[in-house]
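S.K.: First the structure, which I've put down as structure tokens, then a few questions once you've had a look.
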Amino acid sequence: MDNELAIVARGLRKAYGKNVAVAGVDLEVRRGEVFALLGPNGAGKTTTVEILEGYRRRDAGEVSVLDSDPAAPAASWRNRIGIVLQGVGEFDELSVSELVHHFAGFYADADDPEKVIARVGLAGKARARTHTLSGGQKRRLDVALGIIGRPELLFLDEPTTGFDPEARREFWQLIRDLAAAGTTIVLTTHYLDEAEALADRVGVIAGGRLIEVAAPEHLGNRQQAQATVSWRTPEGLTESTESATPTELVTELATRFGGEVPGLTVTRPTLEDIYLKMIGHR
Amino acid sequence: MTTTLKPATAARAAGHQPGPLALALRQGRLELTQFLRSRESVVFTMGFPVVMILIFAAVFDGEIAPGVSYPQYFITGMIATGLMTVSFQNLGIWIPIERDRGVLKRYRGTPMPKWVYFAGKVIMVVVISVVETALLLAVSVAVFDLQLPGTATKWLTFGWVSVLGITACTLCGIAVSSLARTSRSGSAVVTPIALVLQFTSGVFFVFTELPSWMQQVAALFPLKWMCQGLRSVFLPGAFAGQEPGGSYELGRVALVLAAWCVIGLLLCLGTFRWTTRRDG
Ligand SMILES: Nc1ncnc2c1ncn2[C@@H]1O[C@H](COP(=O)(O)OP(=O)(O)OP(=O)(O)O)[C@@H](O)[C@H]1O
Ligand SMILES: [Mg+2]
């Protein structure tokens, strides 16, 4: 397929009564890209993603996902996408292995269920009934069901909620492997480190609008942001200055203090600082 | 961690996507597994009609017509009720729970054709119906001297009345499942409907002894006709004279049940929801 874009959305809108959940989102996701949607609670992430997945109807706008309109997809379209929903769907009475095997049967090109179970770190729980799993283990099962069909395009809505730090790292590796194999990935998250670690580009959404799309290191002009230099004055007060040329300022301070500058720190805004500033200014 | 590249798909381990029949059978097996593992639904679905028969037949054991005892009459009604419980009530209660839990939403996210879900339910309902009816017949023959049908024609009637009845009730069960807004309201919707039908369709009381307006209302719904069809199988031919129409009216039984199949199907197609309102 010569279309370089896995997802194109223009003027996407969705309102619930008077509450406009998505207010005109334009979005492009390239094939093979890892795209993260970041935004506060109620920003419209799930609504946007579920429109792209074909679950929710849009009020207005044009959408193309793998060259199909998700509201009326081609027959084989669902074979090519994988979905990890924000809310879990519980099949109480089945085991992990039974469920993954069953879902594998729905896809034309399913992966090996045992391999997928091992890949999400549930090999030791393959025979356990799903209702006996812990919260994080249930989430891993969701991921397994999302990738069992070897999707070209994988949606993950807050996939790592409830993961312990080790599981999170393992999950990151899984996403990197999938991306390396050519899978396009759209994920939402509240964890800035996750977006920074995984995403090629990050879209920040707030109040139903996409307020910026950029590579994590460029978000909010981060690379051009001024550094903050702080030090202690001889009177014992802390003084701070924002500077585009912190080295120059530090050299000057060193001369002023005749050597060591007391309490010297030079900081640049973290992704979190930038992000909070972006969504706070609304 | 292993990385599998897309072009390597030819060498993958899992088999091809199953054909339609295999998909339906797999789904049916999954549904049955889930049913059998939820112990309370097995006990209640299977046990309820048997317990009802034991109680009612022990309390009321007089003759209602020459050669026809109340237990015999009641048992045919309970066979019909059992079929309705397994299909209508079972689905009307379970589907809202599955919808609420997001199970249906999960299925919608896969390439599974929609009809496979329904086929799975139908297979489950048919298997449970057969087992449950066999259990009921065994108890009735052993304890209440019920006569099994003596001719091939009667077995045939037994077959088609059951199949049409189960089909109609299954479709209606799927249709009413969309009335329930939450998992908890499923049984609130379905149980009163089922109970009222049982009382007005001649399960507990001899149908012709009911007020005639009640008979006319009941005649609009499938259960009355299922009971009547099954009476033609299990009660003597002479008892037909006691029926409201003076005969078992098998033609009309077929017609009404078939009509309900069509109505149920249209309702299903028109109203079925895969997600709850909360899912936007
Ligand atoms: N089914 C629904 N019915 C009514 N309003 C809804 C529905 N789903 C979402 N909304 C509203 O739309 C807005 C966006 O919700 P959405 O779930 O998309 O947010 P989100 O960014 O995914 O939030 P979170 O980070 O908490 O998951 C919210 O104001 C929410 O109340
Ligand atoms: Mg959300």
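S.K.: Need one value for B:137-144: mean number of C-beta atoms belonging to other chains within 10 Å of its residues' C-beta atoms.
M.R.: 0
S.K.: Also: So how much accessible area does A:LYS45 have, in Å² to the nearest 10, using a 1.4 Å probe?
M.R.: 10 Å²
S.K.: Let me ask something additional. Over chain A, what per residue volume does the convex hull of the Cα atoms give, in whole Å³?
M.R.: Roughly 172 Å³ of hull volume per residue.
S.K.: From Cα pairs below 8 angstrom and at least 6 apart in sequence, can you work out the relative contact order of chain B, rounded to a whole percent?
M.R.: Here the relative contact order equals 26 percent.
S.K.: If you count only protein heavy atoms with a 1.4 Å probe, what accessible area per residue comes out for chain B, rounded to a whole Å²?
M.R.: 45 Å²
S.K.: Still on this structure, I have one more. Equivalent ellipsoid semi-axes for chain B, as square roots of 5 times the alpha carbon gyration tensor eigenvalues: give them largest first, rounded to whole Å.
M.R.: 39, 20, 17
S.K.: Next up: Which entries in the list A:LYS14/A:LYS125; A:LYS115/B:LYS121; A:LYS14/A:LYS138; A:LYS45/B:LYS105; A:LYS45/B:LYS121 go over 28 Å, if you measure between the two C-alpha atoms of each?
M.R.: A:LYS14/A:LYS125; A:LYS115/B:LYS121; A:LYS14/A:LYS138; A:LYS45/B:LYS121
S.K.: Right, another one. Hey, any idea what % of segment B:57-168's accessible area is carbon plus sulfur with a 1.4 Å probe?
M.R.: On segment B:57-168, the fraction of accessible area on carbon and sulfur atoms equals 70 percent.
S.K.: Work out the mean other chain Cβ neighbour count within 10 Å for the residues of B:29-35 and drop it here as an integer.
M.R.: Mean shielding count: 3.
S.K.: May I pose another question? With n ≥ 4 as the cut-off for DSSP H runs, can you work out [θ] at 222 nm for chain B, using -39500 (n - 2.57) per run divided by the number of residues, rounded to the nearest 500?
M.R.: Only helices count here, giving -22500 deg cm²/dmol.
S.K.: Could you state the angle between the C-alpha long axis of helix B:39-59 and the longest principal axis of the C-alpha atoms of chain B, as a value from 0 to 90 degrees rounded to the nearest 10?
M.R.: The two axes meet at around 0 degrees.
S.K.: Now, a different point. In deg cm²/dmol and to the nearest 500, what is the mean residue ellipticity at 222 nm of chain A if only DSSP H runs of at least 4 residues count, each as -39500 (n - 2.57), divided by the residue total?
M.R.: About -8500 deg cm²/dmol.
S.K.: Turning to a different aspect of this structure: Using only Cα atoms, find the angle between the long axis of helix B:222-234 and the longest principal axis of chain B, and express it within 0 to 90 degrees, rounded to the nearest 10.
M.R.: Approximately 60 degrees, to the nearest ten.
S.K.: A further question on this structure: Please report how far the C-alpha centroid of segment B:54-107 lies from that of segment B:108-179, rounded to the nearest whole angstrom.
M.R.: Measuring centre to centre over Cα atoms gives 11 Å.
S.K.: Turning to a different aspect of this structure: Looking at the square roots a ≥ b ≥ c of the eigenvalues of the Cα gyration tensor of segment A:65-202, which shape do they give, rounded for a/c under 1.5, prolate if a/b is larger than b/c, or oblate?
M.R.: It comes out oblate by the Cα gyration axes.
S.K.: Okay, moving on. Per residue of segment B:176-193, what does 6.51 cos²θ - 1.76 cosθ + 1.60 with θ = phi - 60° give for ³J(HN,Hα)? Whole Hz please, x for Gly and Pro, Karplus curve as stated.
M.R.: 5, 4, 7, 6, 6, 7, 10, 5, 6, 7, x, 6, 5, 7, 7, 4, x, 4
S.K.: Not counting ligands, DNA or RNA, and with a 1.4 Å probe, what is A:HIS190's accessible surface area in Å² rounded to the nearest 10?
M.R.: Using a 1.4 Å probe on the heavy atoms, I get roughly 70 Å².
S.K.: Kindly sort A:ASP109, A:ASP59 by accessible area of their heavy atoms, largest first, with the probe set to 1.4 Å.
M.R.: The ranking, largest first, comes out as A:ASP59, A:ASP109.
S.K.: Taking Cα centroids, how far is segment A:172-205 from segment A:27-77 in Å?
M.R.: That distance is 16 Å.
S.K.: Still on this structure, I have one more. Give me the one-decimal nm value for the distance between modelled label points at A:ALA244 and A:ALA181, 7 Å along each residue's Cα-to-Cβ direction.
M.R.: 4.7 nm
S.K.: Same structure again: Specify the angular offset, from 0 to 90 degrees and rounded to the nearest 10, of the alpha carbon long axis of helix B:70-84 from the longest principal axis of the alpha carbons in chain B.
M.R.: Here the helix axis deviates by roughly 20 degrees.
S.K.: Starting from the 7 Å offset along Cα-to-Cβ, what nm value, one decimal, do you get for the label separation of A:GLN223 and B:ALA254?
M.R.: 8.0 nm
S.K.: Using amide H atoms built in the peptide plane, which far-off residues or other-chain residues are under 5 Å from A:ARG150 H to H?
M.R.: A:ASP111
S.K.: Now for a separate question. Over the protein assembly as shown, what is the percentage of antiparallel beta bridges among all DSSP beta bridges, to the nearest 5?
M.R.: Of those bridges, close to 65 percent are antiparallel.
S.K.: Ranking request for peptides A:195-205, B:265-275: highest mean number of other beta-carbon atoms within 10 Å first, then the rest in descending order.
M.R.: For the peptides A:195-205, B:265-275, the packing ranking is A:195-205, B:265-275.
The values are calculated or read from the model by the stated rules, or taken from the named source; none is laboratory data. Predicted, not measured: the structure shown is a model, and the values here were computed from it. For neighbour counting, all protein chains shown are included, and Cβ atoms are generated from backbone atoms with ideal geometry for every residue, glycine included. What goes into the accessible areas is simple: the full protein's heavy atoms, side chains included, and nothing from ligands, DNA or RNA. Shrake-Rupley method; radii C 1.70, N 1.55, O 1.52, S 1.80 Å.
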